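Heads up: the structure comes next, in structure tokens.
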């Protein structure tokens, strides 16, 4: 393949190579040939562009944001981690820089996990929320909507005012959102706070890895960017622990949501003591300031070489901006879509991203305690404790994927992951169907101690025998008060009211408004855990790797941005519809629907997503432009080995 017109050749072993690789493909796979202990070298790379227009910079922002959310963690080499430990021990300043910026990932992970538990208690405090699945979905999904806007706006703001001020501004938005949610008097104010938090999360989550990649030493950059990704998973796990800690505290959900403001404030003050990205400063012709920062990062004998490498990188980047359609977003898009390579790559990339969401992962991440309650565990604290399993398994799965992705291959890992997902979703559907079929009966004797609070839809004289599932699905908003001695024996169907709920609890009984008492609950938890194990190493991480490899370098920014938009719109759709689907179709049919979507995703990925394991960028282009191209056929190109 010829180099892109107007693009200077790469300089072997320069900072240019490193910066471009991490800025445009944090989740990129190992296509490197190690030539020295200090720098990796591309065998035949092409310089990547930097989006020129504000709109395209917004799309690039979404790439970083999306990489962070679904496990798109750069696969750092073992030597990078060893070098990272050695260098950060000698220069604690580097670790402080990476950790301070990486707290944006912690905030992101915390917000993702905390709402799943807080929602249980918000429902208890606001009857309007408890009775409206749409309102519950809106409380969850508005942070996603805000994050999409925040990530897109953050791409523009990063280039306008710099990386460090963007992170500080994101912290301010996040803190305002956390404060608004903590004192919210109505569900509408909670939603407003969620939008503000979403703005902050979107901006911080795409800016943090960008700042780290541009302001850290080249030889340990992969390990430091990986730390940002691990902080996201850690934030999710911490959020479940915080939820459990405040289950007995007055205000429960207010504390859960408000505590998120503490790390935001901490990062706000830490970032004031850190420098701006040297790359951004150099780009803005503030070369002396950039040189001062580089002297803090690199040994004295390497500084001049890194300054020269940075100069070459920025000049090549500026030259590249005008080589693929000027500053017009639509001009670049038209030029990209005129290429059969881009069209085939974009189809594969978008299919992976949409499938990643439509197989139902964020029903688990956003609603796992609710799903646990649907499985028959009525207690909020029990549901939260059991939900820790999903968070822990998700973290383990992300680590497992780093081991298998270059051994099993991207395509095989996707297909095997989908097979596991299909089996688990089918099992979940079967378990919930069995639980609904064998739910406890409604007994007249059990309702007598509660006087006139019997569910108005229940008509004993009609001869129709109700079960618990009929009770919780009644149009009159009713709940099931289980038998005091054995939850599987007949219970009472009563009006869903806080007073009645408290009376039920006072009598030593469990109160159900979602699922019903069942012997099948543990089977549902096992299937849910198996689903996470199947999803995380494959569908959780591989779509981001595919998207970092399958586009020509000169179009990766715009194509990756379009795929990221598809991912987050799909995320928004799933998070905004899950509870409504369980209410309209039932829990078992909803999981069966996701199972059917997974089957469709398997077929499309099998037919349209090629294997890119070990291939050079030029080999991927050659494969996609071939007249005999078939995604399921093995490429004739020989994989590059380390």
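Would you kindly state how much longer the chain becomes between residue 128 and residue 423 on full extension, computed as 0.36 nm times their sequence separation minus their alpha carbon distance, in nm to one decimal?
Full-extension gain reported as 102.6 nm.
Peptides 441-450, 530-539 ranked from most to least packed by the mean count of surrounding Cβ atoms within 10 Å: 530-539, 441-450. Label separation (residue 416 vs residue 186): 5.4 nm, computed from points 7 Å beyond Cα along the C-beta direction. Peptides 284-296, 420-432 ranked from most to least packed, by the mean per-residue count of other Cβ atoms within 10 Å: 420-432, 284-296. State the extension gain, in nm to one decimal, for the chain segment bounded by residue 464 and residue 272, taking 0.36 nm per residue of separation less the distance between their alpha-carbons. Length difference between fully extended and current span is 62.3 nm. Highest mean packing comes first when the peptides 520-527, 176-183, 199-206 are listed by Cβ atoms within 10 Å, giving 199-206, 176-183, 520-527.
Ellipsoid semi-axes for the range 499-545, based on the Cα gyration tensor and the rule √(5λ), read 38, 13, 7 Å when sorted largest first. Computed on the Cα atoms alone, the convex hull of the range 509-615 gives a volume of 131 cubic angstrom per residue. Above 19 Å, the calculated P(r) of the range 440-512 contains 20 percent of its Cα-Cα pairs. Taking one quarter of the surface of the C-alpha convex hull of the range 92-152 gives a mean projected area of 5.4 nm².
Approximating the spin labels as points 7 Å out from Cα along Cα→Cβ, the residue 473-to-residue 599 distance works out to 2.2 nm.
Rounded to whole Å, the principal axis extents of the Cα atoms in the range 259-312 read 45, 24, 14, largest first. Multiplying the residue separation of residue 522 and residue 161 by 0.36 nm and removing their Cα-Cα distance gives an extension gain of 124.8 nm. At a threshold of 8 angstrom on Cα-Cα distance, excluding pairs fewer than six apart, so keeping six or more, what relative contact order does the range 440-512 reach in percent? Worked out over the range 440-512, it gives 36 percent. Take the alpha-carbon centre of the range 530-585, take the same for the range 119-175, and report the distance between them in whole Å. Computed from Cα coordinates, the inter-centre distance equals 19 Å. Entry note, the range 373-497: relative contact order of 21 percent, from Cα contacts under 8 Å with a spacing of 6+ residues.
FYI, it's all coordinate maths here, none of it is from the lab. Computed from a predicted model, the values in this text were never measured in an experiment. All Cβ positions, even for glycine, are placed from backbone atoms using ideal geometry, and neighbour counts span all protein chains on display.
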